Amino acid sequence: MSDYTNAPGTKLLATRCAVCSRPLLDAVSVERGIGPDCWKRYGTHVDPTRPAQWEAVMAALDGIEAVADVNPTLTPRDAANKLVYRIAIEQDGFAVLMRAEAIRLLGFDRLAWRIIERASDIRVVEGTTDKNDPCLYVTAPYNELSYTSWRALGAYWRKGEKRWCITVTSIGGMAAKRKGLWDLLKRFYSGKLGFGEHGPFVVRSAVSVAA
């Protein structure tokens, strides 16, 4: 049986959910770009205490979305809906992550982070360990050859969370750990898409882009 979602005539329709990438099977879901389950879990939640950061939204979408399509004349909800629909059509790539970042800046954190989790290969988050020490949490694809390098960086694998924890034990050590992490990513994950505290990034073997 052929998959209708890959037919040429459907390329400009949202045939797969922007959040989970499963096929959309009803007209309402196709119009939204999100299936009914993901809509209930992620699509209706917005942080009421945080206004939309329109200047940052427009900067994130520069060169990706036409100003006429997404701009401050829209409500945050309407703007997010348009971005979700574009994500549902394109599914993956750097532009998808930039649109997810714009959705986050519009106030839809839960929706944005779920899309980011699906569409990115690597995620870097600054946090603290169980002992309240500063650290970097890194989610990255399994790479057997990289294990020794992770350990040399002071990282240990948190099995339950399926991510690395890079501990920082000295004053000023965070910058050194970030540089070490970026060197590791360039060596083993070149070409992968990531998301860090400064937004989406692409790991390039010769060009450094801070995570």
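Between amide H atoms placed 1.01 Å from N, distances below 5 Å from I122 occur with L193, G194, F195, all of them 5 or more places distant or on a separate chain. Considering the chain at the alpha-carbon level, its Rg and Dmax are found to be 18.7, 60 Å. Only helical runs count toward this figure. For the chain, summing -39,500 (n - 2.57) over DSSP H runs of n ≥ 4 and dividing by all residues gives -10500 deg cm²/dmol at 222 nm. The alpha-carbon atoms of the range 4-119, seen along their principal axes, cover 39, 29, 24 angstrom, with the largest extent given first.
Measuring between their Cα centroids, the range 24-49 and the range 163-189 lie 37 Å from each other. Neighbour counting of Cβ atoms within 10 Å sorts the residues V30, V46, V84, V57, fewest neighbours leading, into V46, V30, V57, V84. Rounded is the label for the range 122-202. Its Cα gyration tensor axes, ordered a ≥ b ≥ c, give a/c under 1.5. Taking amide H as placed 1.01 Å from N in the peptide plane, the amide H of L153 sits under 5 Å from none that are at least 5 places away or on another chain.
Residue-wise HN-Hα couplings along the range 63-72, as the Karplus relation 6.51 cos²θ - 1.76 cosθ + 1.60 with θ = phi - 60° gives them from phi, are x, 10, 10, 5, 4, 5, 8, 10, 7, x Hz; Gly and Pro carry x.
Pairs of Lys residues in the range 53-211 are counted when their Cα atoms are under 24 angstrom apart and they lie 8 or more places apart or on different chains; the count is 14.
No lab work stands behind these numbers, since they all come straight from the coordinates. Predicted model only: the values in this text are computed from it and were never measured. Cβ atoms come from the backbone with ideal geometry, glycine included; neighbour counts cover every protein chain shown.
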